[in-house]
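Quick notes on the structure that follows.
The values are calculated or read from the model by the stated rules, or taken from the named source; none is laboratory data. Fair warning: this is a prediction, and the values are worked out from it, not measured in the lab. Glycine also receives a Cβ, built like all others from the backbone with ideal geometry; neighbour counts cover every protein chain displayed.
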Amino acid sequence: MLKMANHPLPIRPVSPQDHSAITASECGDAIVQMKRLARCETDAELAAFLGKGKTAVAQWRRRRLVPEGAILRLLNLVEGKNFA
């Protein structure tokens, strides 16, 4: 498991077939950390912050995975850096 810079979000290497950076047991904790970094209180607020549909975060919870692109976008927006 990798950690990006000084961020608390654990990230594992992904294959082209698996576009999730965080899965299963880490998912709920990761979403809580993402909301904290984005200063959002609800899943819908986090989704809006990331430019996603209102139910995107709820879908991640249901699928028990957080897409890698969502994490990179969050870090990009929060720190103003291009991680992509």
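Of all the residues in segment 51-74, those that are over 9 Å from the mean Cα position of the chain (by Cα) and over 16 Å from E26 (Cα atoms) number 6. If only residues of segment 37-84 that are of a type in the set (G, A, S) and touching a helix residue (DSSP H, G or I) at 6+ places or on another chain (Cβ under 7 Å) are counted, the one that is modelled with the lowest pLDDT is A84. Pairing residues of segment 64-78 that are free of Cβ contacts under 8 Å to residues at least 40 places away in the same chain with residues that are among the basic types (K, R), at Cβ distances under 8 Å and at least 6 apart in sequence or on separate chains, gives A70/K52.
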